[in-house]
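The values are calculated or read from the model by the stated rules, or taken from the named source; none is laboratory data. It should be emphasised that the depicted structure is a prediction, and the values quoted were computed from it without experimental measurement. Cβ placement follows ideal geometry from the backbone for every residue including glycine, while neighbour counts extend to all protein chains displayed.
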Amino acid sequence: MPQAAEVSWQQICMGSSVSERPQAVLRVSPQSWLTEGDSVTLSCEVTDSSTDWTFSWYTVVPYRDGLTGINNNGGYSVYVELLSDSSRGSGGNYTLSPAALNHTGVYMCRGERGEPAFHSQYSNPQPLWINGGSPPVSLIINPSRTQHFTNDSLSLSCEDQSNSTGWTVRRYTHSERVLDCSHWGSVTGSTRNISFLSTSYTGVYWCESESGENSNPVNITVHDGDVILESPVHPVTEGHPLTLRCLYHNPNPSNLRADFYKDGSVLQNQTTGEMIIQTVSKSDEELYLDLQHL
């Protein structure tokens, strides 16, 4: 099998040393998690005093033959692909307005100047996660929650609503790599099964088709502790009711009280282990909980 070209995260141009090559830094405004129709800008800056940089823009993708591999700071190989409309971000700003579901992904940039071309280092990866009201496919997670215990099992599948072909589950974790489901778990039909979760599975998961259509992304967290919050996998519509449940690793704890927190303040003390929000609003997006034995 042909090997992808691989370069160091601190890749150097011929005749240049690492210390001579400035770092590209990628930032996002206003935020990484967006709703379809929002506007977002990725800004690339090279950390030196020069002002004549032009920029190229990339997405981080799963490995395939012919891609450039970059060794990131964690020692993993990250594979990048030049965006087809990379030139529109030549001024250092790459704006998506309006953002669409197919803009979900992990982005990088690199600066270039002079003749012959002198390149900066590749930037840090910057993810963008877009939620839409009617995605062409849904990521189905079983058990249907965003938080899980270590050693739990988990299954993921893509439920197609548009007759698209070639759907696969992808994930992005702390390793800064994008992987498709062929690299982890076992397959039953169209479902990917993970038998024993570990904290390394914490990350963002989504479905993507061969034509670049995406599902809503889901942020999955695997906890090594005894307590998790059961909350909906997919976005909740404002104005609808919502039930949050506190789950304990011991399936039958005695005398358990669940204290639900928001921004460090107690919202409710419940002996039932659940809290009901009658009418959900944007202000309910961040909730925290604690468990105590009475």
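A few comments on the model shown:
- Test: residue in the stretch 220-227 that is part of a loop (DSSP other than H, G, I, E, B), aliphatic (A, V, I, L, M) and crowded, with 16+ Cβ neighbours inside 10 Å: no
- Condition check for I141: touching a helix residue (DSSP H, G or I) at 6+ places or on another chain (Cβ under 6 Å) and among the β-branched types (V, I, T): no
- Within the stretch 204-244, being at pLDDT below 80 and not acidic (D, E) holds for S231, P232, V233, H234, P235, V236, T237, G239, H240, P241, L242, T243.
To keep it simple, each residue is scored yes or no on (1) surrounded by fewer than 15 Cβ atoms within 10 Å (Cβ to Cβ); (2) touching a residue at least 60 places away in the same chain (Cβ under 8 Å).
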position	(1), (2)
E176	no, yes
C181	no, no
R192	no, no
S198	yes, no
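- Condition check for G105: modelled with pLDDT of 90 or more, buried (at least 22 other Cβ atoms within 10 Å of the Cβ), in contact with a His (Cβ under 9 Å, 6 or more places away or on another chain) and outside the structural domain of Y248 (by TED's automatic domain parsing): no
- So V233, is it within 17 Å of the chain's Cα centre (by Cα), of a type in the set (V, I, T) and within 30 Å of F260 (Cα to Cα): yes
- Residue match in the stretch 200-211 (condition: surrounded by fewer than 13 Cβ atoms within 10 Å (Cβ to Cβ) and part of a strand (DSSP E or B)): no
- Scan of the stretch 64-87 for residues that are more than 13 Å from Y122 (Cα to Cα) and of a type outside the set (S, T, N, Q), ordered by number: R64, D65, G66, L67, G74, G75, Y76, L83, D85
- The stretch 42-71, residues that are under 19 Å from E20 (Cα atoms), in contact (Cβ under 8 Å) with a residue 12 or more places away in the chain and part of a loop (DSSP other than H, G, I, E, B): T47, D48, S50, D52, W53
- Residues that are under 16 Å from L139 (Cα atoms) and not acidic (D, E), drawn from the stretch 172-181: Y172, L179, C181
- Selection count where residues are outside any strand (DSSP E or B) and either touching a residue at least 40 places away in the same chain (Cβ under 8 Å) or touching a His at 6+ places or on another chain (Cβ under 8 Å) (or both), scope the stretch 78-102: 8
- Of all residues in the stretch 153-174 being of a type in the set (S, T, Y) and touching a residue at least 40 places away in the same chain (Cβ under 8 Å), the one that is nearest to S32 (Cα to Cα): Y172
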